[in-house]
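Have a look at the structure below, then the notes.
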Amino acid sequence: MNPTERITDNLDALLAVLPEHIPEALNKDTELPELLELVMDLGRPPEARYPHREVVLDPRDITFDDIDYVVAHLGQFSGDNRAGIERTLHRISAMRNRQGRIVGLSLRVGRAVFGTMRIIQDLVETGQSVLLLGRPGIGKTTMLREVARVLADDFNKRVVIVDTSNEIAGDGDIPHPAIGHARRMQVPSPSLQHAVMIEAVENHMPEVIVIDEIGTEQEAAAARTIAERGVQLVATAHGNILANLLMNPTLADLVGGVQPVTLGDEEARRRRTQKTVLERKAPPTFPILVEIQERDRVAIHSPVGDVVDALLRGEQANPEIRSLSTSGEVNRDRGGVRAKEVARFKERPLKLYPYGVSRDSLEKVIGERHAPVAVVDDMDDAELLVTTKAFYRRRVDKVKQGESRGLPIYVLRSNSANQVRQFLSAVGVAEPRPSPEEGEAQLRSLQQRMSRFGFTSRRRKVKKL
């Protein structure tokens, strides 16, 4: 741990809700302070998960009595099958059978780490909206919680947290002390997060709103509305890197959105590009984007609008890389380049999981372009989920699974080859240019079609001097 950080985990409160034989096994482990999660599945031994290993705690299988014991000591499970322990940051998620009975529990350890925002504090102090990205478990919510506390306590700002799953401020009506004097609004159901975001602005006069996991079109629209009213936003979103948002039409608006634009012949020649190109649609909701690469290392894109414009032109992203030294100093490096982020899939195959999209049509277009894209059968192997508008609007289980895993989701308007071609262009797989032989064949075919309709091709004679 960095010497400038201090951790509060309330681990005793979590151990107190477990059947006796599980804490006994846990207390023998010297790495208990690093515990990430406990897993209790019916008919299987209990497991403890650490950053780099998993441990079976007891050879005895979990029974319904064990699960019922834990549930009886928790708060009420909400519509997203999550519960907590009052005034702690621990999160307990349930798995149910078809009859609705709980048959599995994931008990995630919640920790308040004081000092984590030091690496981005100067960015937050500017008053501009900041978006945090990173893989699950990397520490986005921990940093978000610390941002809320510092802005409320050290800068005396009116901070309101929209706490959808009670992960930021903990379970119960009284928020965890880790958020300082920031206020917290709970959300009755995840589907109402966007409405509570707007309510926070209209009713409570915040200077800063803190939100965890913007994941739907309605929430992205609410974020833009809030930003346009002059309120600073600090939020996280589904996705690991900036390219994830650009490929996700649902969330692309957070960084300005992307739209196809048809250029004139002269402009296309001047740019040395094809006539249809992608351009940014609007000013970004978040002028600053932070990719959390490791706990003590981040990549900063600012101003986001300029970065997105450069990426869409095929240029390099050149983020500022920051890291915390063992003494707590912030080291900065402008040389950490992620080259051609949007077109990064040219270097290695993009693993694609289609749902509701014709696999035959998809593979046909991929074959036409010789695209470096691999269609996978398992979502666990995928880097991107592609579905249609109809399936996305119905919020089918596969879409929900993809969102919960932070998987970028690309939504096609319809299940057609043309839509697939547009999708491949959006992720950086360009239309293949015909070979000289193919070009000649296409020209002859065009001339034949023209002659059938009475058009003739005339060549001008050039006099020799």
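Every number here is computed from the coordinates shown, using simple stated rules; none is lab data. No experiment lies behind these values; they were computed from the predicted model shown. All Cβ positions, even for glycine, are placed from backbone atoms using ideal geometry, and neighbour counts span all protein chains on display.
Using per-residue counts of other Cβ atoms within 10 Å, averaged over each peptide, order 100-113, 372-385, 156-169 from highest down. Spell out each step's value before the answer.
Values: 100-113: 18.9, 372-385: 15.8, 156-169: 22.4.
Per-residue Cβ counts within 10 Å, averaged per peptide and sorted highest first, yield 156-169, 100-113, 372-385.
Nearest 0.05, what FRET efficiency do E54 and Q401 give at R0 = 22 Å with Cβ-Cβ as r? Present the calculation step by step, with values, prior to reporting the outcome.
Numbers: r = 22 Å, r/R0 = 1.00.
After rounding, the FRET efficiency stands at 0.50.
Taking the Cβ of E20 as the centre, find all other residues whose Cβ is under 13 Å away and add up their charges (Lys, Arg: +1; Asp, Glu: -1).
Values: positive: R60; negative: E24, D58, D65, D66.
Net charge in that neighbourhood comes out at -3.
For the chain, what is the charge dipole size about the Cα centre, in debye to the nearest 20, if Lys and Arg each add +1 at the Cβ and Asp and Glu each add -1 at the Cβ? All intermediate terms of the calculation are to be shown ahead of the outcome.
On the way: 66 positive and 66 negative charges, 766 e Å.
The calculation lands at about 3680 debye.
Using a cut-off of 11 Å between beta-carbons, work out the net charge of the residues near I161 (Lys and Arg +1, Asp and Glu -1, I161 not included).
Details: positive: R145, R149, R183, R184; negative: D163, E167, D212.
With Lys, Arg at +1 and Asp, Glu at -1, the net is +1.
With labels modelled as points extended 7 Å from the Cα through the Cβ direction, what inter-label distance (nm, one decimal) is found for R158 paired with R229?
For R158 paired with R229, the spin-label model returns 1.1 nm.
Could you order the peptides 296-303, 60-67 from most to least packed, using the average number of other C-beta atoms within 10 Å per residue?
Numbers: 296-303: 20.6, 60-67: 15.1.
Result, highest mean first: 296-303, 60-67.
Where does helix 193-204 land angle-wise versus the long Cα axis of the chain, in degrees 0 to 90, nearest 10?
Long axis of 193-204 versus the principal axis of the chain: about 70 degrees.
Determine the shape class of region 6-108: with a ≥ b ≥ c the square roots of the Cα gyration tensor eigenvalues, call it rounded for a/c under 1.5, and otherwise prolate if a/b is greater than b/c, oblate otherwise.
Oblate, because a/c is 1.5 or more while a/b does not exceed b/c.
Which value in nm describes the separation of the simple spin-label points at D122 and H204, placed 7 Å from the Cα toward the beta carbon?
The modelled label-to-label distance comes out at 3.2 nm.
Nearest 0.05, what FRET efficiency do D65 and R98 give at R0 = 25 Å with Cβ-Cβ as r?
Numbers: r = 21 Å, r/R0 = 0.84.
According to the calculation, E is roughly 0.75.
Among 403-410, 312-319, what's the highest-first ranking by average C-beta atoms within 10 angstrom per residue? Spell out each step's value before the answer.
Working: 403-410: 19.4, 312-319: 16.2.
Result, highest mean Cβ count within 10 Å first: 403-410, 312-319.
Return one number: the angle in degrees, 0 to 90 and rounded to the nearest 10, between the long axis of the Cα atoms of helix 217-228 and the longest principal axis of the Cα atoms of the chain.
Helix 217-228 sits roughly 90 degrees off the main axis of the chain.
Rounded to the nearest 500, what is the chain's calculated 222 nm mean residue ellipticity when only DSSP H runs of at least 4 contribute -39500 (n - 2.57) each, over all residues?
Details: 15 runs with 136 residues, N = 465.
That calculation yields -8500 deg cm²/dmol at 222 nm.
Too long at a 24 Å Cα-Cα cut-off: which of K140/K389; K364/K389; K157/K400; K157/K281; K281/K364; K364/K400? Walk me through the numbers on the way to the answer.
Values: K140/K389 29 Å; K364/K389 21 Å; K157/K400 35 Å; K157/K281 32 Å; K281/K364 30 Å; K364/K400 28 Å.
Beyond 24 Å: K140/K389; K157/K400; K157/K281; K281/K364; K364/K400.
In terms of the Cα gyration tensor, with a ≥ b ≥ c the square roots of its eigenvalues, is region 55-104 rounded because a/c is under 1.5, prolate because a/b exceeds b/c, or oblate?
Values: a/c = 1.97, a/b = 1.23, b/c = 1.60.
Taking the square roots of the gyration eigenvalues as a ≥ b ≥ c, region 55-104 is oblate.
Taking 0.36 nm per intervening residue step and subtracting the Cα-Cα distance, what contour gain separates A72 from R87 on full extension? Let's see the in-between values first.
Values: separation 15, 0.36 × 15 = 5.40 nm, distance 1.69 nm.
Contour length minus the Cα-Cα distance gives 3.7 nm.
Need the full-extension length gain, Q316 to E20, defined as separation in residues times 0.36 nm minus the C-alpha distance. One decimal, nm. Kindly include the intermediate steps, with their values, before the conclusion.
Working: separation 296, 0.36 × 296 = 106.56 nm, distance 5.55 nm.
Gain on stretching Q316 to E20: 101.0 nm.
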